[in-house]
Amino acid sequence: MLFRLATRDVHLPKLVGAFIVFAALLMFLKAGAHMFDSWDAVKSYPTCIQKIGSEVDEVAQLRYMHCKSALYKITGVQLRGDQDKVSSRQFWEALLGPIAEVLAWAVVFVLGIILYRTGNLVVPIEQIVREVKEGKK
């Protein structure tokens with residue numbers, strides 16, 4: 001038994017595929033922007049800390065907290081209170097998430113293209129194979 005989702009007049013799989021392709025393309029671009037933003041945030045954190053220098057007044061502490069909170073908001077990496085540099089584990093934690101997100105949306109994009117190109121979708125509901133014995137003549 002086969003269940004056909006589209007005929008010559010109904011192009012539902014093509015329409016769904018087109019929406020998936022469009023949404024995946026937009027999300028792929030968003031994920032790419034997030035990936036580059038995370039890279040920039042991790043790379044600019046040491047520069048932000050160096051601008052403060054060795055000052056210990058309230059303004060310097062506020063700038064230090066601003067640098068740490070900006071890194072946290074963009075990448076999700078939380079630095080300890082005594083930590084001045086991003087460790088290698090935190091560096092890769094900040095970058096691998098957005099890279100995986102870009103690759104995941106690329107896969108969704110390819111699946112949308114496959115669905116769009118099929119034209120119609122036939123789903124096997126039940127498949128039974130029976131051997132028929134030859135009767136006596």
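Would you mind estimating how fast region 11-61 diffuses translationally, via Stokes-Einstein at 10 °C and 1.306 mPa s with the Kirkwood radius over Cα pairs, in µm²/s?
110 µm²/s
Only Lys, Arg, Asp and Glu count, each charged at its Cβ (+1, +1, -1, -1), so figure out the dipole size of region 2-124 about its Cα centre, rounded to 20 debye. Show your work: numbers first, answer last.
Values: 13 positive and 10 negative charges, 123 e Å.
Result for region 2-124 is approximately 580 debye, rounded to the nearest 20.
Given q = 0.09 Å⁻¹, what are the Debye log10 I(q)/I(0) values for the chain, with equal point scatterers placed on the Cα positions and solvent ignored?
Result of the Debye calculation: -0.52.
How many nm is it between the label spots at His11 and Val107, if each spot is 7 Å from the Cα in line with the beta carbon?
Using points 7 Å along Cα→Cβ, the separation is 2.9 nm.
Report ³J(HN,Hα) in whole Hz for each residue of region 44-52, in order, from the Karplus equation J = 6.51 cos²θ - 1.76 cosθ + 1.60 where θ = phi - 60°; Gly and Pro get x.
Those phi angles translate into 8, 4, x, 5, 5, 5, 5, 5, 6 Hz.
Per-residue ellipticity at 222 nm for the chain, helices alone: DSSP H runs ≥ 4 residues times -39500 (n - 2.57), over residue total, nearest 500 deg cm²/dmol?
Computed mean residue ellipticity for the chain: -23500 deg cm²/dmol.
Which net charge results for the neighbourhood of Arg63, defined as the other residues with beta-carbon distances under 9 angstrom from its beta-carbon, given Lys and Arg at +1 and Asp and Glu at -1?
Numbers: positive: Lys51; negative: Glu55.
Charge balance in the 9 Å sphere: 0.
Taking the Cα centre of the chain as the origin and placing charges on Cβ (Lys, Arg +1; Asp, Glu -1), which of Val59, Ile20, Cys48 is farthest toward the positive end of the dipole?
Ile20
No lab work stands behind these numbers, since they all come straight from the coordinates. Model, not experiment: these values are computed from the prediction. Ideal geometry is used to build each Cβ from the backbone, glycine not excepted, and the neighbour counts take in all protein chains shown.
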